[in-house]
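Peer 1: Sharing a structure below in structure tokens format, with a few things to ask.
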Amino acid sequence: MVRCNVVQSNSLSTCDQRMPDWIDIQNAEGLLPGQSTVVEIDERRIGIYNIEGSIYAIDNQCPHRGASLAAGAFDGALVTCPLHRWQFNLITGMAVEQPGTHLKKFDAKLENGRVFLDRETLDKQATCDGIHRHLIRYGTMGWVGVFGTIEQVDCQRGDPVIIQTNRGRELGETLMATDNGSMPSEQPIGELLGIATDDDISGFNIARDNVQVQLISECDEHIKRLGINVEIVDSELLFDQTTIVFYYVGEATEQLGQLSAEFGNANNVTAVFHPLIEPEGGGCGSGGCGCHSEE
Ligand code: FES
């Protein structure tokens, strides 16, 4: 762990017209290509990576469930989160397999054998990253999260919207619009794709009513045949109509992975098994991490 001193400071005007405020991080001799380190600035941990001689600075906290990315594998331009193995491209900041999810990036440079980090990108990242944030409620369980868009979406409180989560494409309800000054500045957990039309909603409701009950009874048959000690208590067909989430009571075992694969293949869907009651500490076993889904 390295703690930093400010060596140069420049005044700022706006996000677009500003001078960098470089912080001297460390001697570059200790950060050769392929190596990384973590620095702490204002109680915030930043991962510093040397990729083929260029320096990249990334928030060390995984946007999924907050694991330390520094504890994960770093190979080429990819870092793999140690907790649920999401991978991120350190150059673009984007998650490899989770659309709309990305890491917070900060400006960094190598100069005269030392590594510098732009403090202003630390301070301004939350509000000047070009992302419009919306607070959205979604899912049968009524989860609430911040969803982002690059283009402004003109939705108001109560508007139905289509969002991309790590489970798939879903319907949600707008709780707070982007220009509200109280909007949490945290990293979005997914992407707001647009406002849902009446046709979107009625078409989806018909499809859901047709398949949901039938799929629960089919799933029960698979469970009996495999002898798995869980009971399905609810289900949720996502808006993409290719992902079905089963909420269960019982023990999360590896057999749920087999069940997910068998059921998904038999019905040409992605089956996600989510415990009705989250295991202590969250993590594996939740549909959010995708541990028990097969595509
Ligand atoms: S905490 Fe990083 S992938 Fe889940």
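Each value in this text was obtained by applying a stated rule to the coordinates, not by laboratory testing. All values reported here derive from a predicted model rather than from experimental measurement. Using ideal geometry, Cβ is built from the backbone for each residue, glycine included, and neighbour counts are taken over all protein chains shown.
Peer 1: Taking the Cα atoms of the range 139-273 alone, what are Rg (to one decimal) and Dmax (as a whole number) in Å?
Peer 2: Spelled out, the Cα radius of gyration and Dmax of the range 139-273 are 16.9, 54 Å.
Peer 1: Same structure, new question: Using θ = phi - 60° and the Karplus form 6.51 cos²θ - 1.76 cosθ + 1.60, what ³J(HN,Hα) does each residue of the range 105-122 get, whole Hz, x for Gly and Pro?
Peer 2: With the stated coefficients, the range 105-122 comes to 10, 10, 6, 9, 8, 10, 8, 6, x, 10, 9, 10, 10, 7, 4, 5, 5, 5 Hz.
Peer 1: R0 = 51 Å: FRET efficiency of ALA207 with ASP24, Cβ-based, nearest 0.05? Walk me through the numbers before you get to the answer.
Peer 2: Working: r = 58 Å, r/R0 = 1.14.
Efficiency at R0 = 51 Å is approximately 0.30.
Peer 1: Further question: Under 15 Å Cα to Cα from LYS109, which aspartates and glutamates show up? Leave out anything in the same chain fewer than 8 places away.
Peer 2: In chain and number order, the partners are ASP21, ASP24, GLU29, GLU52, ASP118, GLU120.
Peer 1: Report the net charge of residues surrounding ARG225, where surrounding means a beta-carbon distance below 13 angstrom and charges are Lys +1, Arg +1, Asp -1, Glu -1. Kindly include the intermediate steps, with their values, before the conclusion.
Peer 2: On the way: positive: LYS224; negative: GLU218, ASP220, GLU221, GLU262.
Taking every Cβ under 13 Å from that of ARG225, the sum is -3.
Peer 1: At ALA261 and ALA71, where each label point lies 7 Å from the Cα along Cα→Cβ, what is the point-to-point distance in nanometres?
Peer 2: About 2.8 nm, to one decimal.
Peer 1: Taking amide H positions as placed in the peptide plane 1.01 Å from N, state which residues far from GLY194 in sequence (5 or more) or on other chains have amide H under 5 Å from it.
Peer 2: Those qualifying (amide H under 5 Å, at least 5 residues apart or on another chain) are ILE162.
Peer 1: Ranked from highest to lowest mean number of other Cβ atoms within 10 Å per residue, what is the order of the peptides 59-67, 39-47, 160-168?
Peer 2: Values: 59-67: 19.2, 39-47: 15.7, 160-168: 21.8.
With the highest mean Cβ count within 10 Å placed first, the list reads 160-168, 59-67, 39-47.
Peer 1: What FRET efficiency would be calculated for the residue pair ASP234, ILE91, taking the C-beta separation as r and a Förster radius of 51 Å, to the nearest 0.05?
Peer 2: About 0.80, to the nearest 0.05.
Peer 1: For the range 23-39, what does the Karplus curve 6.51 cos²θ - 1.76 cosθ + 1.60, with θ = phi - 60°, yield as ³J(HN,Hα) per residue in whole Hz, taken in order and with x for Gly and Pro?
Peer 2: So the J values, rounded to whole Hz, are 9, 6, 8, 5, 5, 5, 4, x, 9, 7, x, x, 10, 9, 8, 10, 10.
Peer 1: List the residues, sorted by chain then number, that are 5 or more residues from ILE25 or on another chain and whose placed amide H is less than 5 Å from its amide H.
Peer 2: VAL115, PHE116, LEU117
Peer 1: I've got another one for you. Residues with beta-carbon under 11 Å from that of GLY158, excluding GLY158: net charge, scoring Lys, Arg +1 and Asp, Glu -1?
Peer 2: On the way: positive: ARG137, ARG157; negative: ASP159, GLU173.
Within the 11 Å Cβ shell, the charges total 0.
Peer 1: Using a simple spin-label model with points 7 Å from Cα along the Cα→Cβ vector, what separation in nm is obtained for ASP200 and LEU32?
Peer 2: 5.2
Peer 1: Apply the Karplus curve 6.51 cos²θ - 1.76 cosθ + 1.60, θ = phi - 60°, to the phi angles in the range 138-152 and return the couplings in whole Hz, x for Gly and Pro.
Peer 2: Each residue of the range 138-152 in turn: 8, x, 4, 7, x, 5, 10, x, 8, 10, x, 9, 7, 7, 5 Hz.
Peer 1: For ILE216 and GLU251, what is the calculated FRET efficiency with R₀ set at 22 Å and r taken between the beta-carbons, to the nearest 0.05?
Peer 2: Using R0 = 22 Å, I get an efficiency of 0.65.
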